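Worksheet for the structure shown next.
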Amino acid sequence: MNEGLRLESVAEEVAVPARLGRLIEQQCLSGQGELFSGGARPEDISAMLDTSQAPL
């Protein structure tokens, strides 16, 4: 459906490798969650934004 509408899907809450594998099988190529990076502390986010060193 997303392809027909020219939309990109982003999987959320990807926390275990098995879920990532299933998403790849379904051709979902974008995701976020604990598997990729843990949560950031508010002061770390503020520091990144203040110094323009936020990761892309």
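Residues of segment 16-39 being among the charged types (D, E, K, R), farther than 25 Å from Arg6 by Cβ and assigned to a helix (DSSP H, G or I), which ones?
Residue satisfying the conditions is Arg19 alone.
Quickly run through segment 24-43 and pick out the residues that are free of Cβ contacts under 8 Å to residues at least 12 places away in the same chain and not acidic (Asp, Glu).
Scanning segment 24-43 gives Ile24, Gln26, Gln27, Leu29, Ser37, Gly38, Gly39, Ala40, Arg41, Pro42.
None of the figures in this text is laboratory data; all of them are computed from the coordinates on show. Predicted model, so just to flag it, every value in this text is computed and none were measured. Please note: Cβ atoms are built from the backbone with ideal geometry, for glycine as well, and neighbour counts cover all protein chains shown.
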